[in-house]
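Since the structure comes first, as structure tokens, the remarks are kept for the end.
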Amino acid sequence: MANAPSEHEFTLRDEHVRLCDLLKLAGIAESGGQGKQLAASGAVTVDGVVEMRKTAKIRAGQLVECGGVKVRVLAAPGAAPVSVKNE
């Protein structure tokens with residue numbers, strides 16, 4: 001039986017975090033440089049869409065996935081509620 005993807009939560013300190021930094025801080029990448037390589041290779045998705053911008057701004061409410069690890073990004077304590085665009 002295959003291992004189910006693991007899911008973690010990451011709480012922002014500010015309004016956003018750069019994708020390469022999130023990968024490092026969440027323990028997916030060993031360094032920011034490795035995080036940049038993962039993003040550039042197309043191995044990372046944000047909300048189900050491949051994200052190749054190494055410094056993409058990741059905000060509260062987004063789900064980042066790489067190598068079977070999912071990271072749900074939470075708002076900083078005391079931050080204003082996240083607005084959701086209606087389509």
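Evaluate the following for Gly33: is it outside any loop (DSSP other than H, G, I, E, B), open to solvent by less than 60 Å² (accessible area, probe 1.4 Å), without any contact (Cβ under 8 Å) to a residue 40 or more places away in the chain and not basic (Lys, Arg)? Yes; evaluated as a whole, the condition is true for this residue.
With respect to being open to solvent by 60 Å² or more (accessible area, probe 1.4 Å) and within 18 Å of Val73 (Cα to Cα), Leu12 falls outside the description. Whenever a residue of segment 48-62 is under 20 Å from Gly32 (Cβ atoms), its partners that are exposed (fewer than 13 other Cβ atoms within 10 Å of the Cβ) and of a type outside the set (Gly, Ala, Ser), lying with C-beta atoms within less than 9 angstrom and at least six residues away or across chains, give the pairs Lys57/Glu15; Arg59/Glu15; Arg59/Val82; Gln62/Asp47. Note on segment 59-79: residues that are among the β-branched types (Val, Ile, Thr) and farther than 20 Å from Glu15 by Cα amount to 1. Just one of the numbered conditions (1) open to solvent by 60 Å² or more (accessible area, probe 1.4 Å); (2) of a type in the set (S, T, N, Q); (3) touching a residue at least 40 places away in the same chain (Cβ under 8 Å) is not true of Ser41: (3). Looking at Val50, is it surrounded by 17 or more Cβ atoms within 10 Å (Cβ to Cβ) and modelled with pLDDT of 95 or more? Answer is no for this residue.
The set of residues from segment 13-59 being of a type in the set (A, V, I, L, M) and farther than 12 Å from Val71 by Cα comprises Val17, Ala29, Leu38, Ala39, Ala40, Ala43, Val49, Val50, Met52, Ala56.
The values are calculated or read from the model by the stated rules, or taken from the named source; none is laboratory data. None of the values given here were measured: they were computed from a predicted structure. Glycine gets a Cβ as well: all are built from the backbone with ideal geometry, and neighbour counts include every protein chain shown. Note: accessible area is taken over every heavy atom of the protein model, side chains too, but ligands, DNA and RNA are not part of it. Shrake-Rupley method; radii C 1.70, N 1.55, O 1.52, S 1.80 Å.
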